Each structure stands twice: as structure tokens, then as C-alpha cells.
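Undergrad: Submitted below is the structure of interest, expressed as C-alpha cells.
We did not get these values from a lab; they are worked out from the coordinates using the rules stated. The shown structure was predicted, so the numbers you read here are calculated from the model rather than taken from an experiment. Virtual Cβ from ideal backbone geometry, glycine too; neighbours counted across all protein chains shown.
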Amino acid sequence: MFHAKKLVLAHFWVAFIAFLGAILLGEWQMFVRSPLAAWVNNPEHYYRSVTAHGTVMAYVLPTLVAMGFGYAISELALKRPLVGLKWAWAGFWLVIAGTAMAAVTMALGRASVLYTFYPPMIASPFYYLGVVLVVVGSWFWVALMSINLRAWKKANPGAAVPLAMFGNVAGAYLWAWTSVGAAVEVLVLILPASLGLNDTINAGLARVFFSWTLHAIVYFWLMPAYIAFYTLVPRAIGGRLYSDTMGRVAFVLFLVFSMPIGIHHLFADPQVGAGFKFVHAAMTAMVSVPTLLTVFTIVASVEIAGRLRGGKGLFGWVKALPWDNPMMLAVTFSFVMLGFGGAGGIINMSYQLNETVHNTQWVTGHFHLIFAGAIVIMYFMIAYDLWPQLTGCGPLPRRLVSTQLWLWFVGMLVLSMPWHLVGLLGMPRRMAYFDYTHPDLRSQAWTVTASTLGGLLLVVSAFLLVYILATAGRRKAGPRPQPFSFSRMAHPDGHTPVLLNGFGLWVAMMIGLTLVNYGYPIFQLAVLKDASVPIIPIGGR
């Protein structure tokens, strides 16, 4: 029996409703910046919208999806009721309260600082307190995932932790440590300034603390997608998981290599020395290893599915794949966008090449392909895959689901590819308005129009997602659905290494690498004299 159904459904519904609002804000931003509309003549409204869009997409949506999926995994993979259900609901309501507090503050125009906590711009304390509540609510989830794993291990001594739960707890531990940087920045540096206790702030130190969170959070975002790659995709398309061990290696490598890389976002900041910038650039390259392992393993698993369906020869298995299966479409689209976005990421992490694209629309295109493209499309599939278990509905309409995925894939490419082009031409990001009647900009006007049309496809796709989920209950369930299962291994009798059945070593390495790569810059900036600058309150205190 699935005891946490209502809890998981609550997380998904709030996540996708907030996502729908953020999508509309994003499309409005593209429209008012394009030649299709007259400028609204108030840049503050634009930045208010960007802040809300970014806050929902970066903090609310992925946090709620990871929490909801995590609770589902705990019950479905461990095959036991969730320990601490009341505490899980408490964490959920903290996230809701924080989201509401931050949303009202942003709507009132008192937090138009975007979603990156970069002083000296300082928002209302209610915005930061709202974000803090979201993070604290997510820490309830972290604790509960650890408690449930420990309880299962006690009841099953020596047994291999199911891969889905292993990845789930890895994501929880990564988030717990990742969020420490922004938490310290907000609680120690930003909130005192926002509350009027300080008139100055050590901006360099604050940005380093935020970089602790800024890039590692991406791997918290992708953990649910990667769990889906390994544990849902092979089963959904009728295949087998090529290697359980490879999945575990990928998850622990994300733990180790995700943290000490954030300073590559500060290449243009003079406060951080060139040596640590280089070290973080080199460490950023290492985080590609678990992704390459994952691509290899999932493609091999997909090939197994094709050959089980009768595919012959070198590439005959590709034709034999179930291309009418939405999961097959989703993983293909995700890998294509991951490939394009990852290639752009190599440019961003390069100490030299980054100078060409720093703070341009290229960066916007890159992270939309990675997060909004490769990751979010798998969020959709996680919800679709769980929905019959959560609601008792019948199978979701394949054609409608496939249409929704196609709209998202095409829309994301049409939205983001022009950004890469104009980014190379030097178009800055975060600009509220461009005069496309100017001779130097007239030739770039089509790119913004194209991105606006791509965004429109994304809006249609997002509404279709919510429609499919909302109307699922109208479809007859038919025969009682089979118990939920995760992907079967190609070699079920394989041995799970002891080091890949726990987290002690990997968490220690994660913490150690973080302290080595951040300890000295933080100490140096903390003791630097005359490092503080006057704050710039946004919207009044």
C-alpha cells in the first residue's frame, strides 16, 4: 500500500502550478523585449518578473519535485511505509509558507534582485526569509531520507540498497551540503543588511558563499532526472539496465565533484585569485565524468531494449525501439538537449573562452538547455510514470503525452539556440530593453522574435502537461494496475561493492574537497580590511 500518495501528489501539484505561472512570466519577458511589442516603459516590472521566474524555477520547482519523488521512491523502492510522514507534511508546509512569503514580496516589487543573491543589491528581508523557509522545509526531506534508509538497512542487514533509493539519498546529501553556502550568505551577511542592522556588506565574500551553492545546485536539480534515466527508462521501454554499478558510481561522483566548482562563475570577479579560479575550472571538467558514464550506460540499456524487440545488426536496434513510447521520446530529447547544453558548458568553464561569453545571452541559452530542457522534460516523465499509482487512473494518452514532449523539445531549441548566437555577438543578459530600430541591432531582431515564438510553444506544452495530469482521473483505470517496479538489471546476480552501498567515504570526500577549494578564499575575504561596500536596498526596507 502506498501510504504517502497524498503527500507526493501535493508536492507535484504545487510544483507544476508554480511552474505554469513561471512559464507565463518567462514568455512575457521575451515578448516585451521583442520587436513584437511596445516597451512597457518600466524596467522594474521586467526585473520583478525575472526574479519571480528564476526563484520558482531554481528553488521551488526542483525542490518540490525532488522531495515528492524522493518520498515516492522511499516507499516504492524500499517497500515499506514512509517513516516520519507527519514530519514530511511539516516540511511541505514550510516550503509552501516560504514560497508564499517570497511571492508576495516579489509581487510588491521589494525583491527585484533576480534569483542570484549578489550584493550589494539587497531585497526585503521577507524575500530572504521566504527562501530560508523553503530550504529548511527541504532539510526535513533530507533528514527523512537518511532516517528511512537507515531503518531499511537495519531491517535488511547486508542487502544492496535499491538503486533508486541510493540515488535519492545521494541527491539529499548533496542538497544538504550545497545549500549551506547560500544559507550562510543569507543568514550571516545579507539578512543583517536587509534588516537595517548594517549599511555595508562584504560583497566579495557573499558572492563566494553563493558560488558554493550556485553551480552545485544544478546537480541537485538533475538527480531526479538521472534516477529516472537509470531506474524508470529501461523498464518503461521494455529493456534492462546495463549496469547497476555504473549508476552507483555516477551518483557518488556527483557527490564528490559537484561542490568544488562554483568559483568558475566568478571568473570576472577581482576578489578571487586566479589560482583558485583555475582550480575550480579544472574541477568543473571532472563533473562531466558521471554524465558521460550515464550517457554510455543508458544508451547501452536502450540498445538492450532494441535487441529484445528483434533489432539486428550494428544499428538495427535503433529502428526497433518503441518510438511511440513517450519515455523513449523523452530520454532522446533529454540527451540531445544535454549534448548541446553540455557543449556550451565547456565554453563557460574555460578560464579563457569564458571571457567571450561572460554575462551574455549565451549563458542564458546554456542553462535553459540543461535545466529547462534536459532536466525538466524528465520531471514530466516522472510525474507521468507515477500518476496511475498516485491517482488510480488508467494509462495516460500516449499521443497527447508525446505531443506535449515534442512541443517542449522544439520550443526549447527555438527559444535557446538564438540566445547562443546573439551571445557570441555580445548581447548582454539581464537587459530589460533593446532598441531594435538601431542600425547595429536591427539584424538581431529576428532572434528575439524566434525566441518569443519558442517560448509560446513552451507555454502551450506546459498547459498541456497540467491538462493531462488534471484530467487523468476521468480515464477508467481498467484492470488493477501492476505493482510499481523499477528497472531490472541485465545481470541481476551481480555483486554490489561495499563502497557503493553507503555514503560515508563519499560524503567525507565531498566535504573535504569543498573545504580545500573554498576554505582559503573564504578566509582571505573574511579578514580583508575595507572589503565592505554600501548596500543598495531594492524597493525600500
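Undergrad: Given a Förster radius of 41 Å and the C-beta distance between residue 108 and residue 522 as r, what FRET efficiency does 1/(1 + (r/R0)^6) yield to the nearest 0.05?
TA: Working: r = 34 Å, r/R0 = 0.82.
Once the sixth-power term is evaluated, E becomes 0.75.
Undergrad: Between the helical axis of 61-78 and the dominant principal axis of the chain, each derived from Cα atoms, what acute angle in degrees is found, rounded to the nearest 10?
TA: For 61-78 against the chain, the angle is about 20 degrees.
Undergrad: Next question. Restricting everything to alpha-carbon atoms, can you work out Rg to Rh for region 399-489 with a Kirkwood hydrodynamic radius?
TA: 1.23
Undergrad: Step by step: find N for region 423-472, compute 2.2 N^0.38 Å, then divide the Cα radius of gyration by it. What's the final number?
TA: 1.66
Undergrad: Something else now. Work out, in µm²/s and without decimals, the Stokes-Einstein translational diffusion coefficient of the chain at 20 °C, 1.002 mPa s, Rh from Kirkwood over C-alpha pairs.
TA: 89 µm²/s
Undergrad: So if we plug the beta-carbon distance of residue 188 and residue 271 into 1/(1 + (r/R0)^6) with R0 = 25 Å, what FRET efficiency do we get, rounded to 0.05?
TA: E(calc), rounded to 0.05, equals 0.90.
Undergrad: To continue, here is another question. If you wrap a convex hull around the Cα atoms of region 301-352, how much volume per residue is inside, in Å³?
TA: Measuring per residue, one finds 90 Å³ for the Cα hull of region 301-352.
Undergrad: Quickly work out the residue 490-to-residue 42 label distance, labels modelled 7 Å from Cα along the C-beta direction, and quote it in nm with one decimal.
TA: So the two model labels end up 5.9 nm from each other.
Undergrad: Return a whole-number percent for the relative contact order of region 64-170, with Cα pairs under 8 Å and 6 or more residues apart as the contact set.
TA: Contact order relative to length: 38 percent.
Undergrad: Rounded to two decimals, what ratio of Rg to Rh does region 187-273 give with C-alpha atoms and a Kirkwood Rh?
TA: 1.21
Undergrad: Given the C-alpha atoms of region 8-139, compute the convex hull and give its volume per residue in Å³.
TA: Spread over its residues, the Cα hull of region 8-139 gives 107 Å³ apiece.
Undergrad: Right, another one. Can you give me the relative contact order of the chain as a percent, contacts being Cα pairs under 8 Å and 6 or more apart? Show your work: numbers first, answer last.
TA: Details: 853 pairs, mean separation 114.0, N = 541.
Once normalised by length, the contact order is 21 percent.
Undergrad: Here is a further query. Given Cα positions, please report Rg to Rh for region 1-77, the hydrodynamic radius being the Kirkwood one. If you can, show how the numbers build up before the last one.
TA: On the way: Rg = 17.0 Å, Rh = 14.1 Å.
When Rh is taken as the Kirkwood radius, the ratio is 1.20.
Undergrad: With N set to the number of residues, divide the alpha-carbon radius of gyration of region 220-344 by 2.2 N^0.38 Å and report two decimals.
TA: Working: Rg = 17.6 Å, N = 125, 2.2 N^0.38 = 13.8 Å.
Cα-based Rg divided by the globular estimate yields 1.28.
Undergrad: Between helix 504-527 and the chain, what is the angle of the helix's C-alpha long axis to the longest principal axis, kept within 0 to 90° and rounded to the nearest 10?
TA: With rounding to tens, the tilt is 0 degrees.
Undergrad: At a temperature of 10 °C and a viscosity of 1.306 mPa s, determine how fast region 64-141 diffuses translationally according to Stokes-Einstein, using the Kirkwood radius over alpha-carbon pairs as Rh; express D in µm²/s, rounded to the nearest whole number.
TA: D = 116 µm²/s.
Undergrad: Let me ask something else about it. Once label points are set 7 Å from the Cα along Cα→Cβ at both residue 463 and residue 421, what is their separation, rounded to one decimal in nm?
TA: If labels sit at residue 463 and residue 421, their model points lie 2.7 nm apart.
Undergrad: Now for a separate question. Relative to 2.2 N^0.38 Å, what does the C-alpha radius of gyration of region 330-453 come to as a ratio? Two decimals please.
TA: 1.28
Undergrad: Which FRET efficiency, nearest 0.05, do residue 433 and residue 536 yield, Cβ-Cβ r, R0 22 Å? Kindly include the intermediate steps, with their values, before the conclusion.
TA: Details: r = 21 Å, r/R0 = 0.93.
Efficiency computed from Cβ-Cβ geometry: 0.60.
Undergrad: Give the Debye-formula value of log10 I(q)/I(0) at each listed q (0.17, 0.20, 0.21, 0.28 Å⁻¹), with one equal scatterer per alpha carbon of region 227-292, two decimals each.
TA: The calculated log intensity ratios at q = 0.17, 0.20, 0.21, 0.28 Å⁻¹ are -0.67, -0.78, -0.82, -1.12.
Undergrad: When only Cα pairs under 8 Å and 6 or more residues apart are kept, what is the percent relative contact order across region 413-541?
TA: Values: 27 pairs, mean separation 28.4, N = 129.
Averaging sequence separation for qualifying contacts and normalising by length gives 22 percent for region 413-541.
Undergrad: Count charges around residue 270 for me, please; just the other residues with Cβ under 13 Å from its Cβ, Lys/Arg as +1, Asp/Glu as -1.
TA: On the way: positive: 207, 277; negative: 269.
Result for the neighbourhood of residue 270: +1.
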